[in-house]
Amino acid sequence: MSSRPLRDVAPVVPPGDDPLWWRSAVIYQVYPRSFADGNGDGTGDLAGVRAHLGYLRDLGVDAIWFTPWYSSPLADGGYDVSDYRTIHPAFGTLDEAEALIREALALGIRTIVDVVPNHISSAHAWFQEALEAGPGSPARDRFWFRPGTGPDGDGMPNHWISNFSGDTWTRTTNPDGTPGDWYLHLFTPEQPDLNWNHPDVRKEHEDVLRFWFDRGVAGVRIDSAALLVKDPTLPEVPEHPAPGEHPNTDRDELHEIYRSWRRVADSYPGARILVGEIWLPDIDRFAAYLRPDELHTAFNFDFLARQWDAAQLRESIDSTLAAHAPVGAPSTWVLSNHDVTRPVTRYGRDDSSFAFLNKRFGVPTDLELGTRRARAAALLTAALPGSLYLYQGDELGLAEVEDIPLDRIQDPMHFRSGGIDPGRDGCRVPLPWSGDHAPFGFTADAVEPWLPQPADWAAFTAEAQAQDPDSMLSLYRRALAIRHERVALGDGSLEWLDAEPGVLAFSRGAGFVSITNLGSEPVALPQHRSILLASGPLQHGLLPSDTTAWLEVDS
């Protein structure tokens with residue numbers, strides 16, 4: 001969303017592009033601030049990513065998804081975009097981004113970028129123009145400015161609750177200094193919501209898609225994809241809204257927007273994909289976004305939100321596959337991301353499910369148990385039909401960092417909760433690459449990273465784990481190699497096998513079986529020719545609790 005002229009760029013076509021690559025892809029999420037620092041200032045950047053592309057190739061990923069790398073005040077980790085056509089100076093330059101896209105492609109790795117269509121930064125030129133223009137101006141029509149209620153206009157237009165807790169309206173000050181209208185923000189006040197009924201908003205976002213597709217990106221991840229459209233009357237949220245009748249979530253009008261975006265994506269050579277971040281409890285409403293003329297895939301958050309329990313996970317797998325089947329879309333499987341408590345910590349808790357509203361300080365965890373379960377979950381999800389998402393650091397078995405000093409916390413979720421919610425910084429701590437002391441190769445040795453790392457991370461560095469055949473990194477590398485070698489893995493069908501209570505066992509084509517023991521006692525393995533891979537050692541030939549094994553069986 002920049003008014004400066006664009007230089008001509010010939011569209012980049014991924015070499016040897018498979019039009020169905022996305023149906024089975026392993027996609028690695030990079031949070032740029034925390035991946036690797038190439039210039040030694042304590043903040044991760046594109047130079048750091050370029051220096052570690054070989055690591056991602058060796059890991060076995062097919063694509064990299066970058067959280068926002070654009071110009072931004074970073075009020076919400078970059079999800080407050082001020083200009084989609086420039087790179088945040090802390091991360092690098094547009095030339096560096098284009099070089100990264102080319103270099104990754106040369107290694108067989110595609111690039112997916114993030115767009116945030118629900119809102120922009122309050123520092124964006126559009127919003128600044130709207131503030132300066134004053135009430136009733138056309139510039140304000142791109143947003144949701146409304147007068148307040150009550151005789152002095154000091155009441156909010158409605159009482160919607162923010163996704164980050166607290167109110168969703170902030171009052172402006174008129175150019176003459178008097179109190180002005182209010183504006184809507186479903187997240188922070190620094191992230192004013194856009195009005196998707198306005199033609200400028202629709203055209204600009206389609207132009208942004210073209211800008212990045214022209215530069216060779218293979219896809220776009222859409223943040224908060226179900227929130228864009230609002231009921232223009234801005235009514236209060238009903239206690240039990242009917243499907244499609246929530247005033248700010250999952251509105252039916254959204255589907256035409258994504259059909260238009262799909263036409264843009266399909267106009268490019270090769271497969272350029274659209275991936276939605278869609279948190280919806282109704283699996284059928286979720287699947288509606290994946291019809292053949294809308295989004296290609298969407299994140300399946302139901303699985304990661306479930307307890308470590310065989311019945312719950314099977315229910316999630318079955319309902320996910322059933323919902324995707326009628327629209328012909330592949331399922332996606334993800335254990336965490338930049339918003340979610342890391343699996344090693346989450347799976348070690350009495351309540352191993354995930355919900356934003358339940359995050360609190362001081363919840364105990366058993367990291368040994370959590371690590372064992374995270375290893376088992378890694379193999380379980382990698383064997384399921386569809387595409388697989390992996391958040392940076394999960395392949396190293398990193399735990400959530402839960403002792404960040406209060407004066408170092410940066411996440412607005414913490415502050416808007418009144419300090420009750422610890423926020424999301426614990427899964428965003430910079431990665432450990434090498435060495436025996438902080439900053440563990442993330443940045444220059446004498447530089448303090450933007451978030452502090454635990455002092456005991458030496459054993460978790462990529463360097464240390466690469467030398468250990470039993471490490472989490474070695475497990476992921478072997479799993480992804482097998483996944484690529486075996487045609488039956490990735491997209492395709494799944495057949496459940498008879499198993500004891502607490503056990504999930506299924507076949508993927510001829511000759512491959514995955515079995516996960518979520519029960520409390522060791523269980524016998526099905527008849528097999530060999531064990532391809534196991535998340536932990538067997539006990540006297542039996543599969544222990546919280547362990548997954550991949551088996552070669554007779555066809």
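With the structure loaded, tell me whether Val513 is farther than 19 Å from Thr371 by Cα, modelled with pLDDT of 95 or more and touching a His at 6+ places or on another chain (Cβ under 8 Å) or whether it fails that test.
On the way: farther than 19 Å from Thr371 by Cα: yes; modelled with pLDDT of 95 or more: yes; touching a His at 6+ places or on another chain (Cβ under 8 Å): yes.
Here the answer is yes, as Val513 does meet what is asked.
Under the condition of being open to solvent by 20 Å² or more (accessible area, probe 1.4 Å) and either closer than 13 Å to Ala310 by Cα or of a type in the set (D, E, K, R) (or both), the residues counted in segment 545-555 number 3.
Residues that are out of contact with any Leu (no Cβ under 7 Å at 6 or more places or on another chain) and open to solvent by 40 Å² or more (accessible area, probe 1.4 Å) within segment 53-64 comprise just one, Asp58. The set of residues in segment 357-387 that are modelled with pLDDT under 95 and either open to solvent by less than 60 Å² (accessible area, probe 1.4 Å) or touching a helix residue (DSSP H, G or I) at 6+ places or on another chain (Cβ under 8 Å) (or both) comprises Lys359, Val363.
On the stretch given as segment 514-531, residues that are in contact (Cβ under 8 Å) with a residue 24 or more places away in the chain and open to solvent by 50 Å² or more (accessible area, probe 1.4 Å) total 5.
Of all residues in segment 392-414, those satisfying the criterion of being open to solvent by 40 Å² or more (accessible area, probe 1.4 Å) and under 22 Å from the mean Cα position of the chain (by Cα) are Glu402, Gln410.
Taking Asp339 as the residue in question, decide whether it is part of a loop (DSSP other than H, G, I, E, B), more than 23 Å from Tyr31 (Cβ to Cβ) and not small (Gly, Ala, Ser). It is false that Asp339 is part of a loop (DSSP other than H, G, I, E, B), more than 23 Å from Tyr31 (Cβ to Cβ) and not small (Gly, Ala, Ser).
For segment 435-465, which positions are closer than 17 Å to Val401 by Cα and either more than 26 Å from the chain's Cα centre (by Cα) or open to solvent by 50 Å² or more (accessible area, probe 1.4 Å) (or both)? Lay out the reasoning, then the answer.
Here is the first cut: in segment 435-465, the residues closer than 17 Å to Val401 by Cα are 437-440, 442, 448-461.
Answer for segment 435-465, where residues must be closer than 17 Å to Val401 by Cα and either more than 26 Å from the chain's Cα centre (by Cα) or open to solvent by 50 Å² or more (accessible area, probe 1.4 Å) (or both): His437, Ala438, Glu448, Ala455, Asp456, Ala458, Ala459, Phe460.
Go through segment 257-305 and count every residue that is touching a helix residue (DSSP H, G or I) at 6+ places or on another chain (Cβ under 9 Å), in a loop (DSSP other than H, G, I, E, B), aromatic (Phe, Trp, Tyr) and open to solvent by less than 10 Å² (accessible area, probe 1.4 Å). Qualifying residue count, segment 257-305: 1. Quick one: would you say Leu542 is open to solvent by 50 Å² or more (accessible area, probe 1.4 Å) and at pLDDT 95 or above? Yes: the conditions hold for Leu542. Within segment 295-312, residues that are farther than 18 Å from Gly348 by Cβ and among the β-branched types (Val, Ile, Thr) reach partners that are open to solvent by 10 Å² or more (accessible area, probe 1.4 Å) and assigned to a helix (DSSP H, G or I) with beta carbons closer than 7 Å, at six or more positions or on different chains, in the pairs Thr297/Trp22. Taken over segment 450-508, the residue count meeting the criterion of being assigned to a helix (DSSP H, G or I) and of a type in the set (D, E, K, R) is 5.
Scan segment 216-233 for residues that are open to solvent by 10 Å² or more (accessible area, probe 1.4 Å) and in contact (Cβ under 8 Å) with a residue 24 or more places away in the chain and report the count. Don't jump to the end; show me each part of the working.
Of all residues in segment 216-233, those open to solvent by 10 Å² or more (accessible area, probe 1.4 Å) come to 223-224, 227, 231-233.
The next check asks that each one be in contact (Cβ under 8 Å) with a residue 24 or more places away in the chain; those that pass are 223-224, 227, 232.
Summing the residues that are open to solvent by 10 Å² or more (accessible area, probe 1.4 Å) and in contact (Cβ under 8 Å) with a residue 24 or more places away in the chain in segment 216-233 gives 4.
Of all residues in segment 180-207, those that are open to solvent by 40 Å² or more (accessible area, probe 1.4 Å) have Cβ atoms under 6 Å from Cβ atoms of residues that are not in a helix (DSSP H, G or I) and not basic (Lys, Arg), 6 or more apart or on another chain, in Glu190/Ala75; Glu190/Asp80; Glu190/Ser122. Do we find a residue being open to solvent by 10 Å² or more (accessible area, probe 1.4 Å), charged (D, E, K, R), at pLDDT below 95 and out of contact with any helix residue (DSSP H, G or I) (no Cβ under 6 Å at 6 or more places or on another chain) anywhere in segment 322-345? Yes, there is a match, as at least one residue in segment 322-345 is open to solvent by 10 Å² or more (accessible area, probe 1.4 Å), charged (D, E, K, R), at pLDDT below 95 and out of contact with any helix residue (DSSP H, G or I) (no Cβ under 6 Å at 6 or more places or on another chain).
Restricting the search to segment 56-77, which residues are small (Gly, Ala, Ser) and more than 16 Å from Pro192 (Cβ to Cβ)?
The answer is Gly60, Ala63, Ser71, Gly77.
Does Pro432 count as farther than 30 Å from Ser331 by Cα, surrounded by fewer than 20 Cβ atoms within 10 Å (Cβ to Cβ) and modelled with pLDDT of 95 or more? No, not satisfied.
The values are calculated or read from the model by the stated rules, or taken from the named source; none is laboratory data. Just so it is clear, the model here is predicted, and its values are computed rather than measured. We place every Cβ from the backbone using ideal geometry, glycine too, and count neighbours over all the protein chains shown. Areas reflect the complete protein model, heavy atoms only, side chains present, ligands, DNA and RNA absent. Shrake-Rupley method; radii C 1.70, N 1.55, O 1.52, S 1.80 Å.
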